[in-house]
Amino acid sequence: MPGLVSIKTPPETPALRISVSDENHGRNGPGSSRSEQVNPKTNSPAPRRPPSPSTSRAKPSPDRSSGKKKSSPEKVEIDESSLDNPDLGPFLLKLARDTIASGEGPNKALDYALRAAKSFERCAVDGEPSLDLAMSLHVVAAIYCSLVRFDEAIPVLKTAIKVPEVSRGADHALAAFSGYMQLGDTYSMLGQLDRSIESYKEGLKTQMEALGDTDPRVAETCRYLAEAHVQAMQFDEAESLCKKTLEIHRVHSPPASLEEAADRRLMALICEAKGDYELALEHLVLANMAMIANGQETEVATIDVGIGNIYLSLSRFDEAVFSYQKALTVFKSSKGDNHPSVASVYVRLADLYYKTGKLRESRSYCENALRIYAKPVPGTTPEDIASGLMEISAIYELFNEPEEALKLLLKAMKLLEDKPGQQSTIAGIEARMGVMFYMVGRYEEARSSFENAVTKLRASGERKSAFFGVVLNQMGLSSVQLFKIDEAAELFEEAREILEQECGHCHQDTLGVYSNLAATYDAIGRVDDAIEILEYVLKLREEKLGTANPDFNDEKKRLAELLKEAGRSRNKNPKSLENLIDPTSKRTTKKETSSKKWSAFGFRS
């Protein structure tokens, strides 16, 4: 069964904050809006363990920095007819800002901001774009997001983006850039990663047009966009942007700067996801040296965990243990014995000891981590706990305890259900649950879990990822077990198209889908199509992969049985699959299968 890579939970999703810029919003150029962005984008739930290396994702809002609660502004009754007064818009916008700062509640602030936007719109000079209108719309969208009304924020932001004219200078470029980035964040909170990335790209394009390609603020946006690509598991695009970020910081930052360290941590994450462990290790070591030079002890420990993960992937177990123990010592002394950071290292040690055959130690570390997650210290986020539970469940799955693993996944999913921006993570959990339900023979529940995962992945823009193709294949297998053969054929066909595109024809996951599709076609009477697929697979194995793989003899035997049944001999020059797998194909009519013996093919998961 091809392993399903779960989509990891972001290490920390900060609470939504509303930040309202003052009237002099254009003073810093198109890069200054990072502190003005609202509803910060969640960190990348990459399929590997290290946390997102960028600190640019969540910056504290200026209006939350004070511990004092400001006095609430007095309620002001506004006559609609007075909205034509040009002095009213700035006054209402200030009231909205003061209401937010006082903590009185977003609904009243929303009313003021909506009225301010209407006033700015009425007072705008014909043919002249109003930046005040754009800013007030950004504030309205921010308040909608704080109320978890993301769908209402999106049309407001789309309107705001159309207001400025970039050709008019830096102020207009800033307004457009801020709008695109805020729109991308909002799409991200809805789990629509493809639209989120497109918005970020437009924001980056606008910023580069205003500032040039090598401005340090462009580097920050490139890294932000790279993290979004990592979240969508688009690692080639992420790597290209991260390289650009490193190049800019080499020019504008001193050696071993914190900016370069953050870039290298992200690059290490990308390299690890692509399987280039040696290069990932090189980037982490350089990032570690930079953090040591800047006195960032806790960050050094976090990087040590990442280095341990790389050593573990390279089977350099002693070095991995040393890195984990170094990090564990720092976390215990700086954060306490019951901090989730300590639990996360316990989980890594549990995984390591399982892989080295020390099952008792592995189980002990799992139990220690679970005790910490059961009684989290104040400040622990649900995302931290869910991430840890997901990793522990994977270890219990290795212990061949699927029921315990399922319980942990259910707990993790409940922690994330009401959290915005977690659709992809929940989809990953549901896919893993589907695999475990399938393993224990609970096929109806497996199919339901896969269906839920597929729905979320389609909505989040991951319908073209290799992971999505694997989930479709698994759902098809569940449908086969429930005798829904036509549905299974459609799922295998879609999985084939995606995996061919993302992984290539010779990848093991793609070959597995070919075999499953051949078996399905045989079951529904499309014997000729089944034969041609198998001939194509055998040709691939003979010419490119070799015949040592045990699947080769199995497939050859199956093909011989089908050919014998059809009264044919093997075609040594099979057709390309380009036009072969066509759900509308009528070359082979469906035979009467009521008396047909069940296909001799075995389905591959």
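Listing for the model above:
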| read-out | value |
| --- | --- |
| Pairwise label distance in nanometres, Ser253 with Glu561, each label 7 Å out on the Cα-Cβ vector | 6.0 |
| Gain in span if fully extended, Thr298 to Ser240, counting 0.36 nm per residue against the direct Cα distance | 18.0 nm |
| Equivalent-ellipsoid semi-axes of the stretch 167-282, from the Cα gyration tensor, Å, largest first | 25, 19, 9 |
| The stretch 250-339, accessible surface, carbon-and-sulfur percent (1.4 angstrom probe) | 53 |
| Highest-first arrangement of 494-507, 226-239, where packing means the average Cβ count within 10 Å | 226-239, 494-507 |
| Equivalent-ellipsoid semi-axes of the stretch 488-537, from the Cα gyration tensor, Å, largest first | 18, 12, 7 |
| Extension gain, Ser315 back to Glu198 (0.36 nm per residue minus Cα-Cα distance, nm) | 38.2 nm |
| Stokes-Einstein D (µm²/s) once Rh is taken as the Kirkwood radius of the stretch 385-458 over alpha-carbon pairs, at 25 °C in 0.890 mPa s | 203 |
| Links that overshoot a 31 Å alpha carbon limit, given the list Lys335/Lys411; Lys108/Lys162; Lys355/Lys456; Lys332/Lys411; Lys244/Lys464; Lys243/Lys407 | Lys355/Lys456; Lys243/Lys407 |
| Relative contact order (%) - criterion: Cα under 8 Å, at least six apart; region: the stretch 74-195 | 19 |
| The stretch 144-196 - charge dipole about Cα centre, Lys and Arg +1 at Cβ, Asp and Glu -1, debye rounded to 20 | 80 |
| Histogram of C-alpha separations across the stretch 315-409, 5 Å bin width, % | 3, 15, 24, 25, 19, 11, 4, 0 |
| Tail beyond 27 Å, pair distance distribution of the stretch 429-561 (Cα, percent) | 20 |
| Förster radius 22 Å - calculated FRET efficiency between Glu403 and Glu444, Cβ distance, rounded to 0.05 | 0.85 |
| Per residue, the convex hull volume that the Cα atoms of the stretch 412-493 enclose (Å³) | 79 |
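The values are calculated or read from the model by the stated rules, or taken from the named source; none is laboratory data. Everything numeric here is computed off the predicted structure, so don't read it as measured data. Counting neighbours? That spans all protein chains shown, and the Cβs are built from the backbone with ideal geometry, glycine included. For accessibility, only protein heavy atoms count, side chains too; no ligands or nucleic acids. Shrake-Rupley method; radii C 1.70, N 1.55, O 1.52, S 1.80 Å.
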